[in-house]
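Enquirer: Take this structure first; my questions come after.
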Amino acid sequence: MMENFKRKLERFDLERKLSLWREKFIFRGRLIFGPDAKSLIITLLLIIVPVIIFCTNVARNLLGETSGNIAGYAILMVTVVFTIYVLLLLLLTSARDPGIVPRNLHPPTEEMCYDSSASIDVGRQTPTPRLPPTKEVIVNGVPVRVKYCITCQLYRPPRCSHCSVCDNCVERFDHHCPWVGQCIGMRNYRAFFLFISSSTILCIFIFGMSALNIKFLTNDYGTVWKAIKESPLSVVLMVYCFIFLWFVGGLTCFHLYLIGTNQTTYETFRYRGVERPQVYDRGCLNNFREVFCSKIKPSRNNFHAYVQENERGFTRGMNSEGYIGNLDGNRREKVEDDREIGGDLLKISQRREAEDA
């Protein structure tokens, strides 16, 4: 009986822990989506609908044109298999922890320093503790300045940035992609690049096969205009793929440049026009190896684990957005109580001095 009650309590704590995040969790934290995960519906429709139109119209006509030839079936199979591959990459990009840095329960006390100026409170001098807004760390023999994140109460690792949409610090933060509804960071950048590059190839393939269909119909009907009238959806698909090819193709080329120089989208636009040393650039070949051949680091978070004892007080002390910890609230209450008690003692001593006089 007590075991069942304990399990229910742990499950409740787990659900409470996950509810404090902006992210959307599925399968008890095993899949994590961004706060704008609804945009995935649009992305899925932009991929699936053109493929369905292609398979039911263009590919079927190509099967008739290549009757008795395996090429028609090969076109259909390649389209279906490659579309599934693109959708799988989309899932790996949007449903994986991008590299979220866990928040601290309290500020790092070992980094605290004290102002030289002291404030006088109830006849006592109390130095004011504060955290330096930045500190220097050494990366590849070069000093790099990292910032303190007030929300996460930690000094961000190098190349880490706080996403205003997800409200998390993300390692090797590249950007927040609204099309996948997730931050792009250290743990899902490879899947993101493979997704956009594979989408580019899929656009080129459908564009080429639609143009081939128009060519076959032109040979059958004699003119291009009759071929277009016979299969207007082929032209629609060609225009659609041409437009989106500029988007995903341009994005692929841009990220090829970023990978070759070991930069992120955030760093490129954040430090545009600023001369700074390329600390992370290890050469084009090694940069590509780092992205595609290195092992993906395990997540720092265990979202499907039960809440630990030292986390329960912290989660109960959070507000609906999960920003304020219980420790800070207790500390503020204690300071206010001390001030009230000190003020009362000061009034009592002043009253007694007046009575003695």
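Enquirer: Pull up all non-local amide H partners of residue 176: gap of 5 or more, or a different chain, and H-to-H distance under 5 Å with H placed in the peptide plane.
Expert: 184
Enquirer: Are any of the pairs 24/295; 38/215; 147/295 more than 30 Å apart by Cα-Cα distance, and if so, which?
Expert: Going by Cα-Cα distance, 38/215 fall outside the 30 Å limit.
Enquirer: Sticking with this one: Kindly state, as a whole number, the per residue volume in cubic angstrom of the convex hull around the alpha carbon atoms of region 19-103.
Expert: 98
Enquirer: Still on this structure, I have one more. Return the sequence-ordered ³J(HN,Hα) values of region 174-183 in whole Hz as given by the Karplus equation 6.51 cos²θ - 1.76 cosθ + 1.60 applied to θ = phi - 60°, using x for Gly and Pro.
Expert: Residue by residue, region 174-183 yields 9, 5, 9, 9, x, 6, 9, x, 8, 5 Hz.
Enquirer: Keeping all protein chains in the complex and leaving out DNA, RNA and ligands, what accessible area do you get for residue 220 with a 1.4 Å probe, in Å² to the nearest 10?
Expert: 90
Enquirer: Excluding ligands, DNA and RNA, what is the solvent-accessible area per residue of region 147-288 at a probe of 1.4 Å, expressed in Å²?
Expert: Ligands and nucleic acids excluded, the figure is 48 Å² per residue.
Enquirer: Ignoring ligands, DNA and RNA, please state the percent of accessible area on region 140-222 from carbon and sulfur, probe 1.4 Å.
Expert: 64
Enquirer: Next up: With θ set to phi - 60° and the Karplus curve 6.51 cos²θ - 1.76 cosθ + 1.60, what are the ³J(HN,Hα) couplings of region 145-159 in order, to the nearest whole Hz, using x for Gly and Pro?
Expert: After applying 6.51 cos²θ - 1.76 cosθ + 1.60, I find 8, 10, 9, 8, 9, 5, 5, 8, 6, 7, 7, 5, x, x, 6 Hz.
Enquirer: Under 5 Å between amide hydrogens, which residues at least 5 positions from residue 24 or on another chain qualify, with H placed 1.01 Å from N in the peptide plane?
Expert: 33, 34
Enquirer: Using θ = phi - 60° and the Karplus curve 6.51 cos²θ - 1.76 cosθ + 1.60, what whole-Hz ³J(HN,Hα) does each residue of region 280-294 get, with Gly and Pro shown as x?
Expert: Values, residue by residue: 9, 6, 10, x, 4, 5, 5, 5, 5, 4, 4, 7, 9, 10, 7 Hz.
Enquirer: Okay, moving on. Mind ranking 294, 234 by accessible surface for me, highest first, 1.4 Å probe?
Expert: Descending order: 294, 234.
Enquirer: Continuing with the same structure: Just flag the GluC sites (Glu not before Pro) in region 210-296 sitting in loop per DSSP whose Cβ has no more than 12 other Cβ atoms within 10 Å.
Expert: Those satisfying the criteria are 275.
The values are calculated or read from the model by the stated rules, or taken from the named source; none is laboratory data. What you see is a predicted model, and the numbers here were worked out from it, not measured in a lab. Because the Cβ atoms are built from the backbone with ideal geometry, glycine has one as well, and the counts that use them run over all protein chains shown. Heads up: the accessible areas ignore ligands, DNA and RNA and are worked out on the full protein's heavy atoms, side chains in. Shrake-Rupley method; radii C 1.70, N 1.55, O 1.52, S 1.80 Å.
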